[in-house]
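Undergrad: Quick one: structure below, then a few questions.
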Amino acid sequence: MLPTPAEGASGPSYNLTMNMLIEPTVLRLNEARRLLLTPYGIDESTLQSALARAFEHRLDYADVYLQYTRSEGWSLEEGLVKSGSFGIEQGFGIRAIEGDKTAFAYSDDISAARLMEAADTVRAIARQGRGRVKLGGDARATAGHALYEPIDPLAALDSAAKVELLKLADAMARAKDARVGQVMASLAGEYDVILVMRSDGMLAADVRPLVRFNVTVIVEQNGRRETGSSGGGGRYPLSTFTEAAVRHHVDEAVRQALLNLESRPAPAGEMSVVLGSGWPGILLHEAIGHGLEGDFNRKGSSAFAGKLGQRVAAKGVTVLDDGTLAERRGSLNVDDEGNPTERTVLIEDGILVDYMQDTLNARLMKRKPTGNARRESYAHVPMPRMTNTYMLAGDTDPEEIIASLDRGLYAVNFGGGQVDITSGKFVFSASEAWWVEKGKLLYPVKGATLIGNGPDVLTHVSMIGRDLQLDPGVGTCGKEGQSVPVGVGQPTLRIDKVTVGGTG
């Protein structure tokens, strides 16, 4: 932990010992030093001095976060690669916390001078507080997990190979069906390196690869045009998108588009709904997950506030947030405060047992951090956010769940949606859905919108499939203007008494 410096001192001194660290931690720290410290003539002692400067005022906590991100994107339309982007962003942010108040300053100029200026700024902002002083000792590196390789995912393919991958998707889609009129494909990746030093002496680094491929097709028949999409991604190299992987997504996009050509207007009213496995977990993420984040519950603005230990869902419903899944889009070796991510059970057999926490909200709620502190970039303050949020499987055959519907909707996939955190009300549009009667899929429907209340919906889960799946790696979550990659998942579910807004 970082002590308050003695009068006239330039700051405390630390000795970082590496002998107990596992190799991935050493690699991550070395890469962070190479990109974020050495080029600017600074080292860990510079960061420590900046934190010590902020701590000349009485604070509860402070940290400095440095980040280097190199990103790349390619897109194809009408058979041509029409755009390509390449960018590098880097900078740092310094945060100081006293009570529930946060002072924050950031800069895209990594230098000793700017670090000290930022420390002075947050000290001035926080000057009126009366926080406790944390006493520190030697800096210690946190190992975190080893969930993905510390690699540059962009380097796995050269520019020509990236272009050929997109052209391959275009050719496959057009060869699949003569009704395919337009194909849009995209490939994106980033190489993200972060370094965090905290006032309690913790030092953490992470090297975060992230890639994504997506294909969208537009089909036309008898003057009617419909769309289908598919994609995937994760924390691995671009070379993971092999010809077989591209074909899988092309086939799925074309299948969806052709299915939509046969769709009819969706019926409306209150009915039982079966949700498919995998990506439909986005409804769980939006309607329930956000309401289980610590800040909303500390402030009393969540529909789940004050309900720890109470039944909030039907028996059998167990919901987790798990940032420790290998190579998943929402996973992190350490969160953006340097805490290792965790597998946090939020709802267990219908009982609310925990919230997702960062350091600030955990301290104020007298609970422990859960490794859920996340930020969009060095220019943003961290807050409690989801990583990979999903519901555990039950023991029912998914075909049995569909067969149980006398009249209702089977929502296989979702598009966009929104939720009001305070009330829990949500609206979601289905991108693929079927009308079911007497347990049989009769016809695909278009324009189905699910409307309900997240906490209420959980109590009406009547059947849980044994087919838990995670999404293919395409989720991005927005909160208070910040976007971060996430994962979702669930088994097939039957939910009774859901309002469906339709077009029929």
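The values are calculated or read from the model by the stated rules, or taken from the named source; none is laboratory data. Just so you know, these numbers come straight off a predicted model, no measurement behind them. Methodologically, a virtual Cβ is constructed for each residue, glycine included, from the backbone with ideal geometry; neighbour enumeration extends over all protein chains shown. Note: areas computed on protein heavy atoms with side chains; ligands, DNA, RNA excluded. Shrake-Rupley method; radii C 1.70, N 1.55, O 1.52, S 1.80 Å.
Undergrad: Hand me the list of strands (runs of 3 or more DSSP E) wholly inside segment 298-398 holding 3 or more residues that are surrounded by fewer than 18 Cβ atoms within 10 Å (Cβ to Cβ).
TA: Answer list for segment 298-398: 343-348.
Undergrad: Here is a follow-up. Can you spot a residue in segment 108-115 that is at pLDDT 90 or above, in contact with a strand residue (DSSP E or B) (Cβ under 8 Å, 6 or more places away or on another chain) and over 23 Å from residue 32 (Cβ atoms)?
TA: no
Undergrad: Could you grab the pairs with beta carbons closer than 8 Å, sequence gap of 6+ or different chains, first residue in segment 432-460 and closer than 26 Å to residue 421 by Cα, second one among the acidic types (Asp, Glu) and assigned to a strand (DSSP E or B)?
TA: The qualifying pairs are 460/496.
Undergrad: Could you give me the residue pairs with C-beta distances under 6 Å whose first residue belongs to segment 327-341 and is over 11 Å from residue 145 (Cβ atoms), whose second residue is assigned to a loop (DSSP other than H, G, I, E, B) and modelled with pLDDT under 95 wherever it lies, and which are 6+ apart or on separate chains?
TA: 338/142
Undergrad: Among (1) in contact with a Gly (Cβ under 7 Å, 6 or more places away or on another chain); (2) crowded, with 19+ Cβ neighbours inside 10 Å; (3) modelled with pLDDT of 95 or more; (4) outside any loop (DSSP other than H, G, I, E, B), there is one condition residue 71 misses while meeting the rest; what is its number?
TA: The one condition residue 71 does not meet is (2).
Undergrad: Within segment 417-427, identify whether any single residue is charged (D, E, K, R) and either at pLDDT 95 or above or open to solvent by less than 40 Å² (accessible area, probe 1.4 Å) (or both), and answer yes or no. Break it down into steps so the answer makes sense when it comes.
TA: Residues of segment 417-427 that are charged (D, E, K, R), as a first pass: 420, 425.
Next, from what is left, pick out any that are either at pLDDT 95 or above or open to solvent by less than 40 Å² (accessible area, probe 1.4 Å) (or both): none.
Checked against the condition, which is being charged (D, E, K, R) and either at pLDDT 95 or above or open to solvent by less than 40 Å² (accessible area, probe 1.4 Å) (or both), segment 417-427 yields no hits at all.
Undergrad: Moving on. For segment 365-388, indicate whether the set of residues that are closer than 16 Å to residue 60 by Cβ and within 14 Å of the chain's Cα centre (by Cα) is non-empty.
TA: Yes.
Undergrad: Out of the residues in segment 430-449 that are open to solvent by 10 Å² or more (accessible area, probe 1.4 Å) and part of a loop (DSSP other than H, G, I, E, B), state the one that is modelled with the lowest pLDDT.
TA: Once the filter is applied, the top-ranked residue is 447.
Undergrad: Residue check: is residue 266 touching a residue at least 60 places away in the same chain (Cβ under 8 Å) and more than 21 Å from the chain's Cα centre (by Cα)?
TA: Against the criterion (touching a residue at least 60 places away in the same chain (Cβ under 8 Å) and more than 21 Å from the chain's Cα centre (by Cα)), residue 266 qualifies.
Undergrad: Of everything in segment 450-474 that's among the acidic types (Asp, Glu) and in a loop (DSSP other than H, G, I, E, B), which residue is surrounded by the fewest Cβ atoms within 10 Å (Cβ to Cβ)? Walk me through how you get there before you give the answer.
TA: Going residue by residue through segment 450-474, those that are among the acidic types (Asp, Glu) are 456, 467, 471.
Subset that is in a loop (DSSP other than H, G, I, E, B): 467, 471.
Details: 467: 18, 471: 25.
Checking each candidate, the answer is 467.
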